[in-house]
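Heads up: the structure comes next, in structure tokens.
The values are calculated or read from the model by the stated rules, or taken from the named source; none is laboratory data. Please read all numbers here as calculations on a predicted model, not as lab measurements. Positions of Cβ are generated from backbone atoms using ideal geometry, with glycine treated the same way; all protein chains shown enter the neighbour counts.
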Amino acid sequence: MMWPCYMASFDCMGGNTLVVIKLLFVLVFLIVGASFAIINDAPVVVDLYFVTPELPLSLLLLLALGFGILLGGLAGMVYFMRVKKENADLKRKSRLVSEEVRNLRTMPIKGR
């Protein structure tokens, strides 16, 4: 028996629900980003010690956001690699302990 879908749940919407939701989020962010770029088009002078380019404010903020995302991704990747190495070490130790327990169980007991 099929239950009617009274609420918008993932089971009632079908298989491509997450794809549609992601597409809607991307579309909303693109619209907000485009309107942000249109509103903030004033030129800003940036002093980079050797060069002083004049960039639109929206482009400057987008570059700052991009560098922040890049640096955050690199920091997250370093943490992820450290945790991955620790996980591999723990798996290796667990395998060695399991082998040792198996060897001890198959070893004959002396004195019996």
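Here is how the numbers come out for the structure above:
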quantity	calculated
Residue in region 95-102 that is over 24 Å from the mean Cα position of the chain (by Cα), in a helix (DSSP H, G or I), at pLDDT 90 or above and β-branched (Val, Ile, Thr) present	yes
Sole residue being within 19 Å of the chain's Cα centre (by Cα) and modelled with pLDDT under 95, chosen from 32, 26, 44	26
Pair list, Cβ < 9 Å and 6+ apart or interchain, from region 25-45 residues that are under 17 Å from residue 59 (Cβ atoms) to residues that are among the charged types (D, E, K, R)	43/54; 44/54; 45/54
Subset of region 17-60 [assigned to a loop (DSSP other than H, G, I, E, B) and among the aromatic types (Phe, Trp, Tyr)]	49, 50
